[in-house]
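Read through the structure below, which is laid out as structure tokens, and then see the notes.
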Amino acid sequence: MNNSYKLYINGEWVDSESGERISVINPSTGNVIAEVPKGTKADVDHAVDAARDAFDKGSWAYMPPSERAKIFFKLADIIESKLEEYAKMETMISGKSIKQSTSYDIPYTVDNIRFYAGASRLLDGKAMNEYVPEGTSSIRRDPIGVVSVITPWNYPLMEVIWRAVPAMLTGNTVVAKPASYTPLTTLMLAKDLENAGMPKGVFNVITGTGKEVGEYLAGHPKVDMIAFTGSTEVGKNLMAIGSETLKKVSLELGGKAPFIVFNDADVQAAVQGAVVGGLVNNGEDCANSTRYYVHKSIYEKFVNELTAELKKVRIGDTLDPETDMGPLVSSSHRERVEWYINKGIEEGGKLVYGGKRPNIKGHEGGFYLEPTVIETENQKSVIVQEEIFGPVWTVLSFETYDEAIEKANDVIYGLGASVWTKDVQKAVKATKDLKFATVWVNEHVVVPSEMPWPSYKQSGTGASLSTYGLEEYTYLKHVYFDISGKQRKSWYYQIYGQK
């Protein structure tokens, strides 16, 4: 067991004021693999003070964007050179397969960093112009200040990159609070940012509980912005906390993605997309396809082919490169997902596949659960309406286009959705009618670094990725220059005197 992990504050590795520690558990085995400090409010104060001083008194906010970008290009190179180390750690703390960590999570994260670093050198703005006769106007984007970055356990490294990196590249300083289940790659990141040349105080990491550390950090009077990724329930609470000082709040919250299969779709392509869209990251992804709306004429074929493909999914040791699917993140989360399965059946659903705890030899203590498919026509069932955040899918039928769109939109969430059809006109119309911030056509889950990952409805506010993800961490400022040289401007008579 590694007990050497510490908090990272003002460029130093320090113990928590409490002296207490939190266990980090490998979901694949149920064994403790490390312990990290249980941070306190006093630790948060120290970290926020360091970030505040680095922003107010340091040179970071005034550094040319190209100089800040150099540090992050170097960081990307470091992470890429340690890809296997990062991938193994990410897998061990989160339960995702090593195949996903190695082939997707870490390479994609490196690409995110490089995109952000390049794009940060020139943010978009309107051309300088004379909108009134005697003056010229221009636009500035200024950093906000100290940003609290609170990240989830499903993509530990990726989410801190999505939040902290654009914040720092635009001149802000950061105090990061990773999820208690999965803090280790965030601490690795802190060390590698240090190796890349990050000045002291710009990036700080506090480990601890959400209740004590997360909420206090979010509401701290010296923090200017909250950037949170997690559940809608917690996001609402953090928004309320931030409202006391009118902090800027950026939230990426829950999802309940519909997956609409029209009668002219390529059924086998849709089935392949359904397996991937529903099982990426073991089903613990806010973009996962969870509600399958299938036209009645192809409904039976779709369900039969879907279950046939699911039988090919290999569940097992997360460090085995042949494994497709690992465990859920914790025992309590697995129990929560199982509660939804039972509730869905109680509310009229029919279990057609999975729903059990598989026996994985050598991993009997892991938190494994089979992919689960439930047929239902109860649109108001909790398994249709609420985010489960696990490999549990509902399949419902529809007859008309309007019925499919109405049912797809009938949730509080608005993150991602997909439509499967060969009809271009129908596809384009659906992308407009679906009230979701990302709509895929004949695909699911793909998000390039260059494109935004925004939210509708109760899935959050703001956006990650793309240049919009950089602008998220800036204030918009109008700058006006008088170009007339006159002491008395032409419009002053409106306030006193005559024209």
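The values are calculated or read from the model by the stated rules, or taken from the named source; none is laboratory data. Here the structure is a predicted model, which means the values were calculated and not measured. Neighbour counts run over all protein chains shown; Cβ positions are idealised from the backbone, glycine included.
When Thr40, Thr29 are checked against the criterion of being in contact with a His (Cβ under 8 Å, 6 or more places away or on another chain) and touching a residue at least 24 places away in the same chain (Cβ under 8 Å), Thr29 stands alone in meeting it. Looking across region 94-113 at every residue that is under 25 Å from Met63 (Cβ atoms) and touching a residue at least 60 places away in the same chain (Cβ under 8 Å), the one that is surrounded by the fewest Cβ atoms within 10 Å (Cβ to Cβ) is identified as Asp111. No other residue among Val36, Val24, Val48 is closer than 30 Å to Asp142 by Cβ and of a type in the set (A, V, I, L, M, F, W, C) apart from Val48. Does Gly118 fit the bill of being more than 26 Å from the chain's Cα centre (by Cα) and either in the same structural domain as Ala61 (by TED's automatic domain parsing) or surrounded by fewer than 22 Cβ atoms within 10 Å (Cβ to Cβ) (or both)? Criteria not met by Gly118.
Counting residues that are surrounded by fewer than 18 Cβ atoms within 10 Å (Cβ to Cβ), which strands (runs of 3 or more DSSP E) fully inside region 396-499 reach at least 1? Can you show your working first?
On the way: elements: 416-420, 438-441, 474-482.
Counting at least 1 such residues, we get 438-441, 474-482.
Residues in region 359-373 that are surrounded by fewer than 23 Cβ atoms within 10 Å (Cβ to Cβ) and β-branched (Val, Ile, Thr): Ile360 alone. The set of residues from region 380-395 being buried (at least 23 other Cβ atoms within 10 Å of the Cβ) and over 24 Å from the mean Cα position of the chain (by Cα) comprises just one member, Val395.
One line per residue, one yes/no per condition, for (1) closer than 18 Å to Lys256 by Cα; (2) of a type in the set (Asp, Glu); (3) without any contact (Cβ under 8 Å) to a residue 60 or more places away in the chain:
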residue	(1), (2), (3)
Phe389	yes, no, no
Ser397	yes, no, no
Ala408	yes, no, no
Val419	yes, no, no
Lys422	no, no, no
Lys435	yes, no, yes
Thr438	yes, no, no
Ser449	no, no, no
Tyr468	no, no, yes
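Specify which of the listed residues (Val110, Val147) is within 20 Å of the chain's Cα centre (by Cα), under 26 Å from Gly210 (Cβ atoms) and in the same structural domain as Ile79 (by TED's automatic domain parsing).
Numbers: Val110 fails: under 26 Å from Gly210 (Cβ atoms).
One residue alone meets the criteria, Val147.
Taking Val223, is it touching a His at 6+ places or on another chain (Cβ under 7 Å) and among the β-branched types (Val, Ile, Thr)? Here the answer is no, as Val223 does not meet what is asked. Which one of Ala127, Ala176 is small (Gly, Ala, Ser) and either touching a helix residue (DSSP H, G or I) at 6+ places or on another chain (Cβ under 9 Å) or part of a strand (DSSP E or B) (or both)? Just a single option satisfies the conditions, and that option is Ala176.
I'm trying to understand the selection: among the residues of region 130-157, which are assigned to a strand (DSSP E or B) and over 20 Å from Phe203 (Cβ atoms)? Spell out how you get there, then give the answer.
Keep residues of region 130-157 that are assigned to a strand (DSSP E or B), which gives 130-132, 135-143, 146-150.
Scanning region 130-157 gives Glu130, Tyr131, Val132, Gly135, Thr136, Ser137, Ser138, Ile139, Arg140, Arg141.
Taking region 155-168, which residues are touching a helix residue (DSSP H, G or I) at 6+ places or on another chain (Cβ under 6 Å) and surrounded by 24 or more Cβ atoms within 10 Å (Cβ to Cβ)?
Of everything in region 155-168, those that are touching a helix residue (DSSP H, G or I) at 6+ places or on another chain (Cβ under 6 Å) and surrounded by 24 or more Cβ atoms within 10 Å (Cβ to Cβ) turn out to be Pro156, Leu157, Val160, Ile161, Val165, Pro166.
Considering region 1-88, there are no qualifying strands (runs of 3 or more DSSP E) wholly inside with 3 or more residues that are exposed (fewer than 15 other Cβ atoms within 10 Å of the Cβ) and modelled with pLDDT of 95 or more.
For the subset of region 183-241 comprising residues that are among the basic types (Lys, Arg) and over 17 Å from the mean Cα position of the chain (by Cα), which member is farthest from Trp453 (Cα to Cα)? Before you say what the answer is, go through the steps one by one.
Filtering region 183-241 down to residues among the basic types (Lys, Arg) leaves 191, 200, 211, 222, 236.
Those left that are additionally over 17 Å from the mean Cα position of the chain (by Cα): 191, 200, 211, 222.
Working: Lys191: 28, Lys200: 30, Lys211: 27, Lys222: 28 Å.
Within region 183-241, the match that is farthest from Trp453 (Cα to Cα) is Lys200.
Scanning region 30-42 for residues that are in contact with a helix residue (DSSP H, G or I) (Cβ under 9 Å, 6 or more places away or on another chain) and not small (Gly, Ala, Ser) yields Ile33, Val36, Pro37, Lys38, Thr40, Lys41.
Here is a yes/no grid of residues against (1) buried (at least 19 other Cβ atoms within 10 Å of the Cβ); (2) more than 20 Å from Val392 (Cα to Cα); (3) of a type outside the set (S, T, N, Q):
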{"residue": "Thr245", "(1), (2), (3)": "no, yes, no"}
{"residue": "Gly254", "(1), (2), (3)": "yes, no, yes"}
{"residue": "Phe259", "(1), (2), (3)": "yes, no, yes"}
{"residue": "Asp266", "(1), (2), (3)": "no, yes, yes"}
{"residue": "Gln272", "(1), (2), (3)": "no, no, no"}
{"residue": "Val276", "(1), (2), (3)": "no, no, yes"}
